[in-house]
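What follows is a set of notes on a single structure, which appears directly below.
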Amino acid sequence: MAQNDLTTLTAVKQYAQTTGAGGSGDDALISSLITPASQSVITHLNRRAIIAGPRKDVFTGRGGYLLGNSRALRYQPVISVQSLMIDGCLVPPIPPTTAPVGSGWSLDPWDGSLPGSVQFLRLSGYAFTVNTFPNNCTVEYTAGYQNIEEWQVPGSPFHITPQSPQGLLLQDNGVSYANTGAALQAVASAPALGQYVPPNPLAAASPAAYYTFNSGDAGNFVNISYSFCPSAIEMAVRMWVADMYKYRSRIGERSQSQGGVQTSSYIVQDMPDVVKFALRPFENINFLPQ
């Protein structure tokens, strides 16, 4: 499975009802369909990715303190902003002690809902100024669907399975101790004290949805951060892959007669309407033109 896949082989097989005897024969075929379907969905949604990661917006300021003091960032939801440059000058964040009336920038926090309301980067004492040169404003930030859960490391086998209430866990984004904020180190196997093995839910062989810790960390509280795919998007990908999988037995056919008595008709579309309907709320259209 590829890093940006948005569903699992097991989920597609369950939906397509291929989990019975002999159902594993098409595993390679189904897996080969998941990656292009996932990428097509990301493209359709006008997103770089679902997984949380670095983003950059470069644009020309609009000028004026009424029109130019706020900006809807291109990729949502926004987790954090690393830097804002206007006319080559670094704009500082508004200190928490003076927010929201200090001088600098502030970010509307993600409300945690899906698909999420539009977040604005807002300025106080500054403006996204009009400049002689285009693209005078640059914002570097982190965006994507990410969740953080606090857990206490249990006893043997020292596994934590995140609840992931909003969708499929896709990628580990780090673990830290809840009391100090110190980061634990991710390793491939046999974690030592202060280390952990992240989950690999998209692995082709032996996928695992849990974190594994060292026995010495039992009883410690940790914050687990991970990227997830919203359930509606994952289901849309699952349905589309299953549809492509079934289509291979009737390639090019729009209808089929059975003994001249009954005719079955097929809907042939680039993307099934039911998939488009599920994806519509997540289409990334709420940003200002570049």
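Throughout, read-outs are computed from the coordinates displayed, never taken from laboratory work. Predicted model, so just to flag it, every value in this text is computed and none were measured. Positions of Cβ are backbone-derived with ideal geometry, glycine not excepted, and every protein chain shown enters the neighbour counts.
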Practice task
Compute the length gained on full extension between Phe277 and Ser103: take 0.36 nm times their separation in residues and subtract their Cα-Cα distance, giving the result in nm to one decimal.
Solution key: 58.4 nm
Exercise for the section: Kindly state, to the nearest 0.05, the FRET efficiency for Ser215 paired with Gln3, given R0 = 25 Å and r defined as their beta-carbon distance. Expected result: 0.25
Handout entry: Net charge, Leu45 excluded, C-beta distance under 12 Å - Lys, Arg +1, Asp, Glu -1
Key = +3
Exercise for the section: Would you mind checking which residues have amide H under 5 Å from Asn131's amide H? H placed 1.01 Å from N; only 5 or more apart, or other chain. Expected result: Gly61
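Could you list Tyr210, Tyr226 in order of exposure, starting from the residue whose Cβ has the fewest other Cβ atoms within 10 Å?
Details: Tyr210 16, Tyr226 24.
Fewest-to-most Cβ neighbours within 10 Å comes out as Tyr210, Tyr226.
What is the local net charge at Gln195, summed over the other residues whose Cβ is closer than 15 Å to its Cβ (Lys, Arg +1; Asp, Glu -1)? Don't skip to the answer; put the middle values down first.
Numbers: positive: none; negative: Asp172, Asp217.
Charge balance near Gln195 sits at -2.
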Exercise for the section: Run the quick spin-label model on Ser113 and Ala72: label points 7 Å from Cα toward the beta carbon, then report their separation in nm to one decimal. Expected result: 1.5 nm
Fill in the blank from the handout: Once Lys and Arg are counted +1 and Asp and Glu -1 for all other residues with Cβ under 12 Å from that of Leu123, the total becomes +3
Problem - Label-point separation, Ser176 to Phe133 (7 Å along Cα→Cβ), nm - result: 3.5 nm
Fill in the blank from the handout: One checks the Cα atoms of the stretch 53-143 and finds Rg and Dmax, in Å, of 12.7, 40
Handout entry: FRET E, pair Ala208, Phe120, Förster distance 41 Å, beta-carbon r, rounded to 0.05
Key = 0.60
Fill in the blank from the handout: Spelling it out for Gln195: with amide H atoms placed in the peptide plane at 1.01 Å from N, the residues 5 or more places away or on another chain with amide H under 5 Å from its amide H are Gln185, Asn214
Completion exercise
Placing each pseudo-label 7 Å from Cα in the direction of the beta carbon, Thr35 and Ala190 end up separated by a distance in nanometres of 3.1 nm
